[in-house]
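What follows is a set of notes on a single structure, which appears directly below.
The values are calculated or read from the model by the stated rules, or taken from the named source; none is laboratory data. Remember, predicted model here, so these are calculated numbers, not experimental data. Every residue, glycine among them, receives a Cβ derived from its backbone with ideal geometry; neighbour counts consider all protein chains shown. These accessible areas exclude ligands, DNA and RNA; they are computed on the full protein's heavy atoms, side chains included. Shrake-Rupley method; radii C 1.70, N 1.55, O 1.52, S 1.80 Å.
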Amino acid sequence: MYFALWSVLIVSLLPIVLSWVSGHYRNKQFGAVDNKNPRAQAGQLTGAGARAVAAQQNGWEALAMWAPAVLVAHIAGAGHETMNLVAAIFVAARVLHAVCYLANQDILRSLVWLLGLGASIAMYVIAA
(Lines give C-alpha, C1' and ligand atoms only; values in the text may rest on other atoms or scores of the structure.)
Protein backbone atom coordinates (compact mmCIF):
# COMPACT_ATOMS: atom_id res chain seq x y z
CA MET A 1 0.00 0.00 0.00
CA TYR A 2 1.37 3.43 -0.84
CA PHE A 3 1.39 6.67 1.17
CA ALA A 4 -1.72 8.23 -0.38
CA LEU A 5 -3.81 5.35 0.94
CA TRP A 6 -2.09 5.47 4.34
CA SER A 7 -2.83 9.20 4.46
CA VAL A 8 -6.51 8.40 4.90
CA LEU A 9 -5.68 6.58 8.14
CA ILE A 10 -3.32 9.34 9.27
CA VAL A 11 -5.90 12.05 8.61
CA SER A 12 -8.54 9.93 10.36
CA LEU A 13 -6.37 9.78 13.48
CA LEU A 14 -5.68 13.52 13.67
CA PRO A 15 -9.13 14.45 15.08
CA ILE A 16 -8.77 11.68 17.66
CA VAL A 17 -5.42 13.10 18.76
CA LEU A 18 -7.04 16.54 18.96
CA SER A 19 -9.77 15.02 21.13
CA TRP A 20 -7.07 13.91 23.56
CA VAL A 21 -5.65 17.43 23.47
CA SER A 22 -9.06 18.90 24.29
CA GLY A 23 -9.33 16.34 27.11
CA HIS A 24 -6.12 17.73 28.54
CA TYR A 25 -7.62 21.22 28.45
CA ARG A 26 -10.91 20.00 29.97
CA ASN A 27 -8.95 18.47 32.83
CA LYS A 28 -6.89 21.65 33.21
CA GLN A 29 -9.85 24.06 33.07
CA PHE A 30 -12.44 22.04 35.03
CA GLY A 31 -10.26 19.80 37.20
CA ALA A 32 -11.61 16.62 35.61
CA VAL A 33 -12.95 15.24 32.38
CA ASP A 34 -16.71 14.72 32.47
CA ASN A 35 -16.98 11.39 30.67
CA LYS A 36 -20.77 11.32 31.15
CA ASN A 37 -21.24 14.56 29.19
CA PRO A 38 -17.96 15.19 27.36
CA ARG A 39 -19.49 17.23 24.54
CA ALA A 40 -21.31 19.56 26.92
CA GLN A 41 -18.11 20.07 28.88
CA ALA A 42 -16.10 20.60 25.70
CA GLY A 43 -18.61 23.27 24.68
CA GLN A 44 -17.71 25.22 27.83
CA LEU A 45 -13.99 25.30 27.10
CA THR A 46 -12.27 28.60 26.46
CA GLY A 47 -8.95 29.55 24.88
CA ALA A 48 -6.71 26.78 23.56
CA GLY A 49 -9.15 24.11 24.74
CA ALA A 50 -11.96 25.58 22.66
CA ARG A 51 -9.61 25.85 19.70
CA ALA A 52 -8.63 22.18 20.12
CA VAL A 53 -12.32 21.24 19.88
CA ALA A 54 -12.74 23.44 16.80
CA ALA A 55 -9.63 21.92 15.20
CA GLN A 56 -11.02 18.44 15.89
CA GLN A 57 -14.33 19.32 14.24
CA ASN A 58 -12.54 20.80 11.25
CA GLY A 59 -10.44 17.65 11.00
CA TRP A 60 -13.54 15.49 10.58
CA GLU A 61 -14.86 17.92 7.96
CA ALA A 62 -11.61 17.77 5.99
CA LEU A 63 -11.60 13.98 6.15
CA ALA A 64 -15.05 13.90 4.54
CA MET A 65 -13.56 15.41 1.39
CA TRP A 66 -10.11 13.82 1.53
CA ALA A 67 -10.99 10.13 1.86
CA PRO A 68 -13.24 10.00 -1.21
CA ALA A 69 -10.71 12.04 -3.21
CA VAL A 70 -8.00 9.47 -2.52
CA LEU A 71 -10.31 6.59 -3.35
CA VAL A 72 -11.50 8.20 -6.58
CA ALA A 73 -7.90 8.83 -7.69
CA HIS A 74 -6.91 5.29 -6.76
CA ILE A 75 -9.85 3.72 -8.61
CA ALA A 76 -9.19 5.96 -11.62
CA GLY A 77 -5.62 4.63 -11.75
CA ALA A 78 -3.87 7.92 -11.08
CA GLY A 79 -0.10 7.67 -10.75
CA HIS A 80 1.05 6.68 -7.30
CA GLU A 81 3.93 9.14 -7.27
CA THR A 82 1.65 12.09 -7.94
CA MET A 83 -0.93 10.84 -5.46
CA ASN A 84 1.77 10.41 -2.82
CA LEU A 85 3.04 13.96 -3.35
CA VAL A 86 -0.45 15.44 -3.07
CA ALA A 87 -1.13 13.28 -0.01
CA ALA A 88 2.06 14.45 1.68
CA ILE A 89 1.06 18.07 1.06
CA PHE A 90 -2.42 17.39 2.47
CA VAL A 91 -1.14 15.62 5.60
CA ALA A 92 1.40 18.38 6.25
CA ALA A 93 -1.30 21.01 5.78
CA ARG A 94 -3.65 19.24 8.20
CA VAL A 95 -0.98 18.88 10.88
CA LEU A 96 0.07 22.49 10.46
CA HIS A 97 -3.60 23.54 10.51
CA ALA A 98 -4.06 21.91 13.92
CA VAL A 99 -0.87 23.49 15.25
CA CYS A 100 -1.98 26.91 14.00
CA TYR A 101 -5.40 26.44 15.57
CA LEU A 102 -3.90 25.61 18.96
CA ALA A 103 -1.42 28.49 18.69
CA ASN A 104 -4.22 30.93 17.74
CA GLN A 105 -2.56 31.81 14.42
CA ASP A 106 -5.75 32.48 12.46
CA ILE A 107 -4.32 33.90 9.23
CA LEU A 108 -1.70 31.17 8.82
CA ARG A 109 -4.33 28.59 9.79
CA SER A 110 -6.61 29.83 7.01
CA LEU A 111 -3.78 29.74 4.48
CA VAL A 112 -2.84 26.14 5.30
CA TRP A 113 -6.54 25.23 5.27
CA LEU A 114 -6.64 26.55 1.69
CA LEU A 115 -3.56 24.48 0.86
CA GLY A 116 -5.33 21.37 2.18
CA LEU A 117 -8.45 22.20 0.21
CA GLY A 118 -6.32 22.65 -2.89
CA ALA A 119 -4.72 19.25 -2.32
CA SER A 120 -8.16 17.65 -2.02
CA ILE A 121 -9.26 19.23 -5.27
CA ALA A 122 -5.95 18.30 -6.91
CA MET A 123 -6.55 14.64 -6.04
CA TYR A 124 -9.81 14.75 -8.01
CA VAL A 125 -8.10 16.55 -10.88
CA ILE A 126 -5.35 13.93 -11.20
CA ALA A 127 -8.06 11.28 -11.25
CA ALA A 128 -9.58 12.85 -14.35
Could you grab me the full set of residues in the range 11-31 that are at negative phi and either open to solvent by 50 Å² or more (accessible area, probe 1.4 Å) or aromatic (F, W, Y) (or both)?
-> L13, I16, V17, W20, H24, Y25, N27, K28, Q29, F30
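Would you pick out the residues in the range 75-111 that are closer than 17 Å to W60 by Cβ and without any contact (Cβ under 8 Å) to a residue 60 or more places away in the chain? Explain how you work it out, then say what you get.
Keep residues of the range 75-111 that are closer than 17 Å to W60 by Cβ, which gives 90-91, 93-95, 97-98, 101-102, 109.
Across the range 75-111, the qualifying residues are A93, H97, Y101, R109.
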For the range 88-106, state whether one or more residues are open to solvent by 60 Å² or more (accessible area, probe 1.4 Å) and of a type in the set (S, T, Y).
-> no
Restricting the range 109-125 to residues that are open to solvent by 50 Å² or more (accessible area, probe 1.4 Å) and more than 18 Å from V53 (Cα to Cα), the one farthest from the chain's Cα centre (by Cα) turns out to be V125
Quick check: is even one residue across the range 104-117 polar (S, T, N, Q) and either within 18 Å of V17 (Cβ to Cβ) or in contact with a Cys (Cβ under 7 Å, 6 or more places away or on another chain) (or both)?
-> no
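Is one or more of the residues making up the range 42-56 charged (D, E, K, R) and open to solvent by less than 60 Å² (accessible area, probe 1.4 Å)? Outline the logic, then answer.
To start, the set of residues in the range 42-56 that are charged (D, E, K, R) comprises 51.
Okay, now just the ones that are also open to solvent by less than 60 Å² (accessible area, probe 1.4 Å), so 51.
Yes: one or more hits.
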Could you say whether any residue in the range 58-77 is open to solvent by 60 Å² or more (accessible area, probe 1.4 Å) and of a type in the set (S, T, N, Q)?
-> no
